[in-house]
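The values are calculated or read from the model by the stated rules, or taken from the named source; none is laboratory data. Not measured: the values here are computed from a predicted model. Cβ: placed from backbone, ideal geometry, glycine included. Neighbour counts: every protein chain shown. Just so you know, the surface numbers come from the protein's heavy atoms only, side chains and all, with ligands and any DNA or RNA stripped out. Shrake-Rupley method; radii C 1.70, N 1.55, O 1.52, S 1.80 Å.
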Amino acid sequence: MEEICEVTESQFERLTDVWEASVKATHDFLTEQDVLSLRSKVLNVYLAAVTLRAYKDEQGALQGFVGVSNGKVEMLFISPEYRGLGIGKLLLNYAINHLGATELDVNEQNSLAIAFYKHMGFKVIGRSLVDSLGNPFPLLHMKLEVSYK
């Protein structure tokens, strides 16, 4: 049975694999070196810094996840082969309704993600010229305006 579940540290490697596959499919502005550099940070720092929930498919494999900290969605990634099936919506609604998420940042170059978040009720409230690591990847700051179920 498909479900949203809690995540343990033993599952961080699988989540990092999901993250990497998702980023390679959606973040074409990142180089292979960018992805490799970020991968270790995701695995060793970022996942442990947020409250995580994952989507488990019928075989029990984790195929997507959301990470929330202080009311902010810090990460939402879906395995490429599971995109477009409603998993992102399921995870984002869980983050909103159970983890109190009302804000997020999204890469400005990721137009599909921006459209998704707008569809889910988020509105752009600001912009940064660089990402949280100071890299030249502009971020849009978004806030939940209307909860969409």
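Restricting the count to DSSP beta bridges whose residues both fall in the range 27-149, what percent are antiparallel, rounded to a multiple of 5? Kindly include the intermediate steps, with their values, before the conclusion.
Values: 23 of 25 bridges.
Taking every DSSP beta bridge within the range 27-149, about 90 percent pair in antiparallel fashion.
Going by accessible area, probe 1.4 Å, with all protein chains left in place, what is the ranking of E145, E108, largest first?
Details: E145 120, E108 65 Å².
The ordering from most to least exposed comes out as E145, E108.
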Next item on the list: May I have the pair-distance distribution P(r) for the chain, computed from all Cα-Cα distances with 10 Å bins from 0 and rounded to whole percent?
Entry: 11, 44, 38, 7, 0
Checklist line | Full-extension gain in nm, Q109 to E13, via 0.36 nm per residue minus C-alpha separation | finding: 31.9 nm
Margin query: I'd like the accessible area for R39: 1.4 Å probe, protein heavy atoms, all chains in place, Å² to the nearest 10.
Written below: 50 Å²
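Divide by every residue of the chain the summed helix terms, -39500 (n - 2.57) for each DSSP H run of at least 4, and state the resulting mean residue ellipticity at 222 nm, rounded to the nearest 500 deg cm²/dmol.
Details: 4 runs with 47 residues, N = 149.
Per the formula, -9500 deg cm²/dmol.
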Next item on the list: For K118 paired with H98, estimate the spin-label separation in nm (one decimal), with each label point 7 Å from Cα along the Cα-to-Cβ line.
Entry: 3.0 nm
Checklist line | Point-to-point label distance, S132-K41, nm (Cα→Cβ direction, 7 Å offset) | finding: 0.9 nm
Item checked: Hull shadow area, averaged, the range 78-147 [alpha-carbon convex hull, nm²] -> 5.0 nm²
Checklist line | From phi via Karplus (6.51, -1.76, 1.60), per-residue ³J(HN,Hα) for the range 115-121 in Hz, x at Gly/Pro | finding: 4, 4, 5, 4, 4, 7, x
Notebook entry, point to check: Which cross-chain or sequence-distant (5 or more) residues have an amide H under 5 Å from the amide H of D131, H modelled 1.01 Å from N in plane?
Noted result: F137
Check: In terms of modelled amide H atoms, which long-range or inter-chain residues lie less than 5 Å from the amide H of G64?
Finding: Y55, S79
Checklist line | Candidate lysines - alpha carbon under 20 Å from K89, same-chain residues fewer than 8 apart omitted | finding: K56, K72, K118, K123, K143, K149
Item checked: Rounded to whole Hz, the Karplus (6.51, -1.76, 1.60) HN-Hα couplings of the range 3-8, x for glycine and proline -> 6, 9, 9, 6, 10, 10
Next item on the list: Positive end of the charge dipole of the chain (Lys, Arg +1 and Asp, Glu -1 on Cβ, about the Cα centre): tell me which of S128, V66, L43 has its Cα farthest that way.
Entry: S128
Notebook entry, point to check: Taking the alpha carbon gyration tensor of the range 39-95, what are the square roots of 5 times its eigenvalues, largest first, to the nearest whole Å?
Noted result: 19, 14, 9
Next item on the list: For M75, enumerate residues with amide H under 5 Å from its amide H, sequence gap 5+ or separate chain, H modeled in the peptide plane.
Entry: G67
